[in-house]
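Notes follow the structure.
The values are calculated or read from the model by the stated rules, or taken from the named source; none is laboratory data. A quick note: this is a predicted structure, and the numbers were derived from the prediction, not measured. All Cβ positions, even for glycine, are placed from backbone atoms using ideal geometry, and neighbour counts span all protein chains on display. For accessibility, only protein heavy atoms count, side chains too; no ligands or nucleic acids. Shrake-Rupley method; radii C 1.70, N 1.55, O 1.52, S 1.80 Å.
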There are 2 protein chains.
Amino acid sequence: MTTASQASVPCPIGRAVGLMGERWTLLILRNANLGTTRFDAFRAELGIADNILSNRLARLVEAGLLARVPYRDGGRTRQEYRLTTAGADMLPVLHALAVWGDKHTEPAEPAGSMRVIHQRCGQVTTPGKVCDGCGEIVRREDEAWVRPWLSPDPISLAGPIDTDT
Amino acid sequence: MTTASQASVPCPIGRAVGLMGERWTLLILRNANLGTTRFDAFRAELGIADNILSNRLARLVEAGLLARVPYRDGGRTRQEYRLTTAGADMLPVLHALAVWGDKHTEPAEPAGSMRVIHQRCGQVTTPGKVCDGCGEIVRREDEAWVRPWLSPDPISLAGPIDTDT
DNA sequence: AACGCTGGCTTGCATTTAGCAAGTAACAAG
DNA sequence: CTTGTTACTTGCTAAATGCAAGCCAGCGTT
């Protein structure tokens, strides 16, 4: 799913950054990993302009990280932007950014830090491979995030859509 | 080291992305982690415009990820941009981008993939915490990268400068 | 068939940013 | 004093960002 401009970059970091080294793209991928799929939901959650959101979603679909999928809603057809495997595989990047952000930056108001929950044992854990509590590998489907500034409830990560792009 | 615009963002990912969700910034951090320190070296390695490089280096210094340090070179005073602890702590983000980029994007010409070497045992390993070969935790000072499109030689990661910003 | 509503954009515009290429200032050597 | 180097700055053009209004397709209702 490489776009033409990636193909000339030998470095995988360079190619990845060419696709997603842009703040709105990364924020869209964060929210998509947490289950956001609809245009108006991204717009509301991110406070992003319509034209920028439309542009970024199109790029993410073209790059294969999201898939634009029609669905029926109360009789009418709507569109949603579903996470693909490539989009889901961004989770380690999001984990790493969360750890860095938590260590090196401060929110103005301590609403409480973001926490990652291993749902199988219920423990808070460092994002990454192995649960700090029980030592098990934390699988995506057992991981939830608590963002206390939004809600005290853990949000499970979204599963990717199966896709052949 | 939070800039004013970060302080209003409760999410650590949002704050991190506010500082570095931009391709040139990420690429500068990649090269700084591999030991690049001088303005003309960044310019040559990245093919970046002077004004953009100057701007990004200033922002990274302001955000505390790099430190601008004078040094003597053949009698004259020059400046270098040294990695700080905060900049060094970007390594997991770079690792995650490398893994993603390697899995989901293709170079035009197979020059060979980027490889991470655990120098204590000499093995190639997956970037991350534990060596695939010997099972030891891969410490920064024992990690080197091979980027075959540049050179067959492993490049050790740069150690951060001690700094109190 | 006509109309209204909604969703998912597009458009026009002003502002900002990106990037090229030339130029500048400070500092050193000759 | 002149020259060269380093680390930028500047002027300019093109592209991107983002606001706010508007458009179009698809649907349901009348």
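What the table shows:
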quantity	calculated
GNM flexibility winner over chain A from A:ALA111, A:ALA63, A:ALA96 (Cα, springs under 10 Å)	A:ALA111
Rounded, prolate or oblate (a/c below 1.5 giving rounded, otherwise prolate when a/b exceeds b/c) for the range B:9-143 by Cα gyration tensor	prolate
Burial of 40 Å² or greater, the range B:67-102 residues [accessible area, probe 1.4 Å, versus chain by itself]	B:ASP89, B:VAL93, B:ALA96, B:LEU97, B:TRP100
Chain A: most fluctuating residue of A:GLY74, A:GLY35, A:GLY135 per GNM, C-alpha cutoff 10 Å	A:GLY74
Rounded FRET efficiency, nearest 0.05, which uses the C-beta distance separating A:LEU150 from A:GLN79 and R0 of 25 Å	0.50
Closest Cβ on chain A to the rotation axis that carries it onto B (distance rounded to whole Å)	A:ALA96, 2
Prolate/oblate/rounded call for the range B:4-87, Cα gyration tensor, a/c under 1.5 rounded	prolate
Accessible area of the range A:32-101 belonging to carbon and sulfur atoms, whole % at 1.4 Å probe	46 percent
Cα gyration tensor, the range A:90-165 - rounded (a/c under 1.5), prolate or oblate	prolate
Solvent exposure of the range A:4-87 as accessible area per residue, Å², 1.4 Å probe	42 Å²
Residue-span extension gain [B:CYS121 to B:TYR71] - 0.36 nm each, minus C-alpha spacing	14.5 nm
Gap separating the Cα centres of the range B:105-157 and the range B:1-78, nearest whole Å	24 Å
Distance in nm between pseudo-label sites at B:SER54 and A:LYS129 (7 Å out along the Cβ direction from Cα)	4.5 nm
Whole-Hz couplings from phi, Karplus 6.51/-1.76/1.60, listed for the range B:65-76; x for Gly and Pro	8, 10, 10, 8, 10, x, 8, 8, 9, x, x, 9
Listed residues B:VAL69, B:CYS11, B:LEU26: farthest to the positive end of the dipole of the range B:4-87 (Cβ charges)	B:VAL69
Accessible surface, per residue, of the range A:90-156 when the full set of protein chains is kept, probe 1.4 Å, Å²	52 Å²
Accessible area that becomes buried as B packs against A, both chains, 1.4 Å probe, Å², nearest 100	3900 Å²
Under-5 Å amide H pairs with A:VAL138, H placed in peptide plane, nonlocal only	A:VAL130, A:CYS131
Within a Gaussian network of chain B (alpha carbon springs, distance under 10 Å), most fluctuating of B:LEU60, B:LEU83, B:LEU19	B:LEU19
Other-chain or far-sequence residues with amide H under 5 Å of A:GLN123's (modelled H)	A:HIS118
